[in-house]
Amino acid sequence: MQGNVAVLCSGQGTNLQAILDAIRQRTLHAQICVVVSDREGALALKKARRAGIPAVYLNPNAYSSREEYDQALVGVLRRSGAHWIALAGFMRILTPGFVRAFRNRILNIHPALLPAFRGAHAVADALKFGAKVTGVTVHLVDDHVDHGPVVAQAPVEIRSNDTPASLLKRVHRVEHALYPQAIQWAVSGRLKIRGRRVNLSSRKP
Ligand code: GRF
């Protein structure tokens, strides 16, 4: 079903929580069918269980290669009925086989304005670089890290007295608004993908 979303997380799950809140507030018309994590202690799993959502820990050490792990992940996601996959701080690089299994149906949120500041330390890197503006990107996932077609972006000002923690806090605030919005566009079939360009079709009557 088009509205079934699986969320993949490794950490805190604040974006997962924002998605859950948007569903409860009916600004996001979707269902989270499963939350999967590669870390047993991920707070995201706790948040999912608290919300009554199936929460699966998939242990990377139980598989002999990234390909095998990703095939198991594909199995979990298919069985859950997921149509869309939302990566929310999932700290693994997905294999081409995984990307192929859900082509143009995997979203990721990145805490910078891509293509600037790719990688796992984007917020600290923007601050260290001396940038005046950073932001948030939601994009479709392709075979390269932090690279697929951009769905939505929003800026975040960097202030002279910012620390990594204070900047992260404002980045998170923007993420928590932007990701549910982008997922709503996705599940309602509004993303029109032409190569690298993603346009929004007009709302259905
Ligand atoms: C977010 O900042 C996201 O941009 C990045 O990972 C972080 C996940 O945070 N990809 P949380 O687990 O949702 O709090």
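The values are calculated or read from the model by the stated rules, or taken from the named source; none is laboratory data. Being a predicted model, the structure only gives us computed values, none of them experimental. Glycine gets a Cβ as well: all are built from the backbone with ideal geometry, and neighbour counts include every protein chain shown. Quick note on the areas: whole protein, heavy atoms, side chains included, nothing else; ligands and nucleic acids left out. Shrake-Rupley method; radii C 1.70, N 1.55, O 1.52, S 1.80 Å.
If I model a spin label at Gln71 and Ser201 as a point 7 Å from the Cα along the Cα→Cβ vector, what separation in nanometres do I get?
Simple spin-label model gives 3.5 nm for this pair.
Given all pairs of different Cα atoms, what value in angstroms does the Kirkwood hydrodynamic radius of the chain take? Let's see the in-between values first.
Details: mean 1/r = 0.0579 Å⁻¹.
Computed over the chain, the radius equals 17.3 Å.
How would you rank 98-105, 121-128, 160-167, 134-141, highest first, on the average number of other Cβ atoms within 10 Å across their residues?
Values: 98-105: 16.9, 121-128: 18.5, 160-167: 11.9, 134-141: 24.0.
Going from most to least packed, we get 134-141, 121-128, 98-105, 160-167.
By the scheme Lys and Arg +1, Asp and Glu -1, what is the net charge of all other residues having a beta-carbon under 14 Å from that of Arg50?
Numbers: positive: Arg24, Lys46, Lys47, Arg49; negative: Asp21.
Counting the neighbours of Arg50, the net charge comes to +3.
Rolling a 1.4 Å sphere over the protein heavy atoms, what is the accessible area per residue of region 84-181, to the nearest Å²?
I get 47 Å² per residue for this part.
With +1 on each Lys and Arg Cβ and -1 on each Asp and Glu Cβ, and nothing else charged, work out how big the dipole of region 90-193 is about its Cα centre, in Debye to the nearest 20.
On the way: 13 positive and 7 negative charges, 39 e Å.
It works out to roughly 180 debye.
Quick one: net charge of Cys9's neighbours, Cβ under 10 Å, K/R +1, D/E -1? The partial results should precede the final answer.
Values: positive: Arg39, Lys47; negative: Asp38.
Net charge around Cys9: +1.
Give me the number: length gained by fully extending Tyr57 to His144, i.e. 0.36 nm times residue separation minus the C-alpha to C-alpha distance, one decimal in nm. It would help to have the intermediate numbers written out before the result.
Details: separation 87, 0.36 × 87 = 31.32 nm, distance 2.48 nm.
So the chain would gain 28.8 nm between Tyr57 and His144.
For region 1-70, treating each Cα as an identical point scatterer without solvent, what Debye log10 I(q)/I(0) comes out at q = 0.20, 0.21, 0.23 1/Å?
The computed values of log10 I(q)/I(0) come out as -0.79, -0.85, -0.97.
On a full-extension model of 0.36 nm per residue, what is the gain between Lys169 and His29, subtracting their alpha-carbon distance, rounded to one decimal in nm?
Details: separation 140, 0.36 × 140 = 50.40 nm, distance 2.64 nm.
Fully extending the segment from Lys169 to His29 adds 47.8 nm.
Share of the chain's accessible area from carbon and sulfur, percent, 1.4 Å?
Within the chain, the accessible surface is 52 percent carbon and sulfur.
Just to confirm a number: summing +1 for Lys and Arg and -1 for Asp and Glu over residues other than Arg170 whose beta-carbon lies under 15 angstrom from that of Arg170, what do you get? Display every interim value, and only then the final one.
Values: positive: Lys132, Arg159, Lys169, Arg173; negative: Glu157, Asp162, Glu175.
Counting the neighbours of Arg170, the net charge comes to +1.
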